[in-house]
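Everything on this sheet refers to the single structure shown next.
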Amino acid sequence: MRLEVDIRHRLGAFDLAARFGVDDGLVALFGRSGAGKTSLINVIAGLVRPQQGRVVVDGVTLLDTERAIFVPGHKRRVGYVFQDGRLFPHLSVRQNLLYGRWFAPKPERRDDLGKVAELLGLERLLDRAPANLSGGEKQRVAIGRALLASPRLLLMDEPLASLDEARKAEILPYIERLRDESGVPIVYVSHSMAEVARLASTIVLMADGTVAAVGPVADVLPRLDLFPLTGRAEASALIEATVESHDAAFGLTLLRSRAGLWRLPRLDLAPGVRVRLRIFARDVMLAIKPPEGISALNIVAGVVADVGEGEGAAVDVRLDCSGEALLAAVTRYSLEQLGLKPGAPVFALVKSVAFDRRSLGGPLRPSGDETPADA
């Protein structure tokens, strides 16, 4: 699937001028409140008709103002999941789900009720009324309803924004399954970098109605020049790793990535499963010699790729560790004392206990009976 967007639209005093092209997977529209994310997906959905623009999904033109093409929203085959579930209160979960199928032409219906219910863990909820569901359960039903419409594209507008942390932890593994198993491309709107880092394959970074950057999330997230938009407090890098083995004696899991071997507190994952690790800059220490006699179990070699401008006493350093990026937050004093500049060889140290399970991404390409990662 290829999504191509080129939009110019004025909403009062706000100008939306966004242009990008992205491929399959989960694409995150990320930016602060007021960046234009919701306005943009409303254009894609056909809820807003822009003054100028073009939207093409998988070769099908949904909007082209120059050619006077505007496919109405109900004919676009685009699923939409809002911040709140918007379920029909007088219908059961089963009836809410089946409502989505009415919008899919019979020859193009991909999924049945049983498959979607299993995917989203809804089997035991089918006869309940929406009033008897938790917030996370309501959102899963809303996602299932959108899926049963057999959309060519699924739009999700901050689907976790109204949930507390416990409900977010409940629903995130299901969104990961949706990403990996449904075969439906997803555009996911969020202002939470934790969600983007865990779920997205591609990020479209928005600011003031324009696209500031677009690309693989693992490439965009560590860019020092984008910290004013992504948030310096969220400075981190993503590592894709494969479970290699478990150390039962010490309760550890060993994972292998291009950067090297990582040791984490035990994960309930089978060897061979691929996961995504988010490593915060604040949790990375640097050394210019191979360290000895220390408690940190994760030590990877790299070279300094870039040094940020920073503020006050702190500065951010981006490392290249055998083709994978890491970030480290150090003081200007340490920067000078260690002689850290582009090209300088270093060793990055990360404590095993520093890894946050809440930002641990589940299986990226699951197969067989792999167990989802703990949330």
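Checking each residue in the range 307-348 for being touching a helix residue (DSSP H, G or I) at 6+ places or on another chain (Cβ under 7 Å), part of a strand (DSSP E or B) and not aliphatic (A, V, I, L, M) picks out Asp316, Arg318.
The set of residues in the range 239-248 that are free of Cβ contacts under 8 Å to residues at least 60 places away in the same chain and either crowded, with 22+ Cβ neighbours inside 10 Å or not acidic (Asp, Glu) (or both) comprises Ala241, Thr242, Val243, Ser245, His246, Ala248. If you go through the range 27-74 and keep only what is within 18 Å of Arg10 (Cα to Cα) and of a type in the set (Val, Ile, Thr), you end up with Thr38, Ile41, Val43, Ile44, Val48, Val55, Thr65. Counting only residues that are crowded, with 22+ Cβ neighbours inside 10 Å, part of a strand (DSSP E or B) and either modelled with pLDDT under 90 or more than 9 Å from the chain's Cα centre (by Cα) (or both), the range 190-213 holds 3 of them. The listed residues are Asp164, Asp180, Asp225, and the only one of them that is outside the structural domain of Ala28 (by TED's automatic domain parsing), surrounded by fewer than 20 Cβ atoms within 10 Å (Cβ to Cβ) and farther than 17 Å from Ala35 by Cβ turns out to be Asp225.
Every test in (1) over 30 Å from Leu338 (Cα atoms); (2) of a type in the set (A, V, I, L, M, F, W, C); (3) not assigned by TED's automatic domain parsing to the domain that holds Ala17 is passed by Met206 save one, and that test is (3).
Of the candidates Pro290, Pro216, Pro228, Pro222, the single residue that is more than 22 Å from the chain's Cα centre (by Cα) and of a type outside the set (S, T, N, Q) is Pro290. Mind checking whether some residue in the range 224-234 is in contact with a Ser or Thr (Cβ under 8 Å, 6 or more places away or on another chain) and touching a residue at least 40 places away in the same chain (Cβ under 8 Å)? No. Restricting Ala13, Ala35, Ala45, Ala17 to residues that are closer than 21 Å to Gly209 by Cβ and buried (at least 22 other Cβ atoms within 10 Å of the Cβ) narrows the list to Ala35.
The single residue among Val300, Val275, Val243 that is in contact with a Leu (Cβ under 8 Å, 6 or more places away or on another chain) and over 22 Å from Glu176 (Cα atoms) turns out to be Val300.
Of the candidates Asp58, Asp64, Asp84, the single residue that is in contact (Cβ under 8 Å) with a residue 60 or more places away in the chain and more than 30 Å from Gly136 (Cβ to Cβ) is Asp58. When Arg266, Arg318 are checked against the criterion of being within 26 Å of the chain's Cα centre (by Cα) and free of Cβ contacts under 8 Å to residues at least 24 places away in the same chain, Arg266 stands alone in meeting it. Selection of the range 1-19 for residues being under 14 Å from Ala207 (Cα atoms) and of a type in the set (A, V, I, L, M, F, W, C) yields Phe14, Leu16, Ala17, Ala18. Within the range 117-127, the presence of a residue that is touching a residue at least 24 places away in the same chain (Cβ under 8 Å) and either basic (Lys, Arg) or within 25 Å of Leu47 (Cα to Cα) (or both) is excluded.
I want to confirm something. Restricting to the range 349-373 and keeping residues that are aliphatic (A, V, I, L, M) and part of a loop (DSSP other than H, G, I, E, B), which single residue is modelled with the lowest pLDDT? Looking at the filtered set, the residue picked out is Ala373.
You will find that of Ile175, Ile171, the residue that is in contact with a helix residue (DSSP H, G or I) (Cβ under 7 Å, 6 or more places away or on another chain), surrounded by 20 or more Cβ atoms within 10 Å (Cβ to Cβ) and at pLDDT 90 or above is Ile175 and no other. Checking the structure you have, find out if any residue of the range 330-348 is in the same structural domain as Ala259 (by TED's automatic domain parsing), buried (at least 19 other Cβ atoms within 10 Å of the Cβ), at pLDDT 95 or above and under 26 Å from the mean Cα position of the chain (by Cα). Taking every residue of the range 330-348 in turn, at least one turns out to be in the same structural domain as Ala259 (by TED's automatic domain parsing), buried (at least 19 other Cβ atoms within 10 Å of the Cβ), at pLDDT 95 or above and under 26 Å from the mean Cα position of the chain (by Cα).
The values are calculated or read from the model by the stated rules, or taken from the named source; none is laboratory data. Model, not experiment: these values are computed from the prediction. Every residue, glycine among them, receives a Cβ derived from its backbone with ideal geometry; neighbour counts consider all protein chains shown.
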